[in-house]
Amino acid sequence: MMRKFNILIVDDEDNMLQMLKTFFTEKEFCCFTAQNGIKALEILGKEDIDIVITDMKMPEMDGLELLKNIKEKHKNISAVIMTGFSEEYTTTEALNLGADGYITKPFRNKELLLILKRIQQLNQYE
């Protein structure tokens with residue numbers, strides 16, 4: 001049996017945060033939310049987070065900058081990038097920085113769930 005994973009969802013759109021939090025809570029993940037990268041880093045400093053799902057385009061700190069911070073300070077945390085803009089450079093950059101997954105908006109929640117389940121399974125064997 002897999003333990004419950006803690007997810008941090010980062011997006012500047014409140015409706016996206018609430019929709020994903022509701023979906024993943026129903027799937028028995030423990031969810032935290034942040035509306036920007038700065039708040040996300042505060043939460044990462046306080047909570048035991050397993051996976052960060054972050055939007056790419058946000059004010060103050062974008063998803064790539066947040067990803068760099070995560071991989072420098074919290075190497076054991078997995079990260080999935082969400083974006084409404086499918087740009088090859090951005091995808092490549094995110095993966096080179098250590099993103100564990102990448103999904104383009106709009107997406108089905110089940111698609112994102114499959115990415116998280118794959119990460120969850122990989123982390124069970126580490």
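The values are calculated or read from the model by the stated rules, or taken from the named source; none is laboratory data. This structure is a prediction, so every number in the text was calculated from the model and none was measured. Methodologically, a virtual Cβ is constructed for each residue, glycine included, from the backbone with ideal geometry; neighbour enumeration extends over all protein chains shown. Note: accessible area is taken over every heavy atom of the protein model, side chains too, but ligands, DNA and RNA are not part of it. Shrake-Rupley method; radii C 1.70, N 1.55, O 1.52, S 1.80 Å.
Per atom type, the chain shows carbon and sulfur on 49% of its accessible surface, probed at 1.4 Å.
Normalised by the residues of the chain, what does the relative contact order come to in percent, with Cα pairs under 8 Å and at least six apart? Present the calculation step by step, with values, prior to reporting the outcome.
Values: 185 pairs, mean separation 26.8, N = 126.
Result for the chain is 21 percent.
Taking amide H atoms as placed 1.01 Å from N in the peptide plane, the amide H of Ile53 lies under 5 Å from those of Leu8, Ile9, Val10, Val80, each 5 or more residues away in sequence or on another chain.
Just to confirm, what accessible area per residue do you get for the chain at 1.4 Å probe, in whole Å²? Walk me through the numbers on the way to the answer.
Details: 7080 Å² over 126 residues.
Accessible area per residue, the chain: 56 Å².
Rg over Rh for the chain works out to 0.92, using Cα positions for both radii and the Kirkwood form for Rh.
Within segment 70-126, which chymotrypsin sites (Phe, Trp or Tyr not before Pro) sit in a loop by DSSP and count at most 13 neighbouring Cβ atoms inside 10 Å?
Answer in residue order: Phe85, Phe107, Tyr125.
Couplings 3J(HN,Hα) of segment 92-109, computed from phi: 4, 4, 4, 5, 5, 7, x, 4, 8, x, 8, 9, 9, 6, x, 9, 8, 3 Hz, in residue order, whole Hz [Karplus 6.51 cos²θ - 1.76 cosθ + 1.60, θ = phi - 60°; x for Gly and Pro]. Eigen-decomposition of the gyration tensor built on the alpha-carbon atoms of segment 60-126 gives equivalent ellipsoid semi-axes of 19, 17, 9 angstrom, largest listed first.
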